[in-house]
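Worksheet: the structure to be examined is printed underneath.
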Amino acid sequence: MATEINKNRRCVIIAGAPCADAAFIRAVVLPDDYIICADRGYQTAVEAEITPDLLIGDFDSYGVGLPSGVEIIRLNPEKDDTDTLHCVKTALERGMTEFVLLAATGGRLDHTLANLSVTEYLADRGAHCIILSKNEKIELLTAGIHTYSGCKGLTFSVFPYGCKSIVLSYTGAYYPLNHGVLTHSTAMGVSNVFTDDTAEITVHEGKALLIINLNKEI
């Protein structure tokens, strides 16, 4: 049975990428986070010494015994949604709106693309999501001004997502932009650099996928 949860808590979903960095995950998970493991994501949680609040999956890719005392939702292996999307839908039903996806990139490309689509699924439902790894922070930007502090020197790239083109403005970037148009068939938004302590990306039209490289050596 589901326990009562504080809807203001951040929901952290640990997905099943096989190359997840357990030490990084242990460092970024906060004590008050509501933690859901998607199938083999539980193995990563064990390696990171994290106790989840909820496990969801068909567990077809997880070969170790599941824990007692933790809520478990078992899925049919023959299903339309991915395990991660099931986690997202369950968290939304429980009133959560702030999401972090871990161990969601770096494995199979098709799984990575499926996890990227989760950012749009959540945005369309009024929730916010970032995909976080040791090397990257990924989020979907919708219309409005998005401010970034403490990113000076980091490389970032922006691409249209779910649309043919986007209209953007940048301040505090090596390549500034004023109502520039980026199309999905070209990669004009790749490899810019934050040059100021505080920078802004304004989305005037469309949806933009932002990828920030967290390693300055990349």
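Residue count for the stretch 138-158 satisfying the condition of being open to solvent by 60 Å² or more (accessible area, probe 1.4 Å) and either assigned to a strand (DSSP E or B) or among the charged types (D, E, K, R) (or both): 4. Return a yes/no flag: does the stretch 168-177 have any residue that is open to solvent by 30 Å² or more (accessible area, probe 1.4 Å), in a strand (DSSP E or B), among the aromatic types (Phe, Trp, Tyr) and out of contact with any helix residue (DSSP H, G or I) (no Cβ under 9 Å at 6 or more places or on another chain). The answer is no, given that none of the residues of the stretch 168-177 is open to solvent by 30 Å² or more (accessible area, probe 1.4 Å), in a strand (DSSP E or B), among the aromatic types (Phe, Trp, Tyr) and out of contact with any helix residue (DSSP H, G or I) (no Cβ under 9 Å at 6 or more places or on another chain). Determine if the stretch 143-151 includes at least one residue that is modelled with pLDDT of 95 or more and on the phi > 0 side of the Ramachandran plot. There is at least one residue in the stretch 143-151 that is modelled with pLDDT of 95 or more and on the phi > 0 side of the Ramachandran plot. Reported count of residues in the stretch 178-211, each being out of contact with any Leu (no Cβ under 9 Å at 6 or more places or on another chain), assigned to a loop (DSSP other than H, G, I, E, B) and either surrounded by 16 or more Cβ atoms within 10 Å (Cβ to Cβ) or among the β-branched types (Val, Ile, Thr) (or both), is 3. Of everything listed in (1) of a type in the set (A, V, I, L, M); (2) open to solvent by 20 Å² or more (accessible area, probe 1.4 Å); (3) assigned to a loop (DSSP other than H, G, I, E, B), the single unmet condition for Val46 is (3).
Considering (1) of a type outside the set (Lys, Arg); (2) in contact with an Asp or Glu (Cβ under 8 Å, 6 or more places away or on another chain); (3) crowded, with 16+ Cβ neighbours inside 10 Å, the lone condition that His128 does not fulfil carries the number (3).
Every listed requirement among (1) surrounded by fewer than 16 Cβ atoms within 10 Å (Cβ to Cβ); (2) part of a loop (DSSP other than H, G, I, E, B) is met by Gly107 save one, (1). Does the stretch 67-77 contain any residue that is touching a residue at least 60 places away in the same chain (Cβ under 8 Å) and small (Gly, Ala, Ser)? Checked the stretch 67-77: no residue is touching a residue at least 60 places away in the same chain (Cβ under 8 Å) and small (Gly, Ala, Ser). Can you find, within the stretch 1-36, the residue that is modelled with the highest pLDDT among those that are buried (at least 20 other Cβ atoms within 10 Å of the Cβ) and more than 16 Å from Ala91 (Cβ to Cβ)? The extreme case among them is Ile25.
The values are calculated or read from the model by the stated rules, or taken from the named source; none is laboratory data. Not measured: the values here are computed from a predicted model. Note: ideal-geometry Cβ built from the backbone for every residue, glycine included; neighbour counts use all protein chains shown. Calculation scope for accessible area: heavy atoms of the full protein, side chains included, ligands and nucleic acids excluded. Shrake-Rupley method; radii C 1.70, N 1.55, O 1.52, S 1.80 Å.
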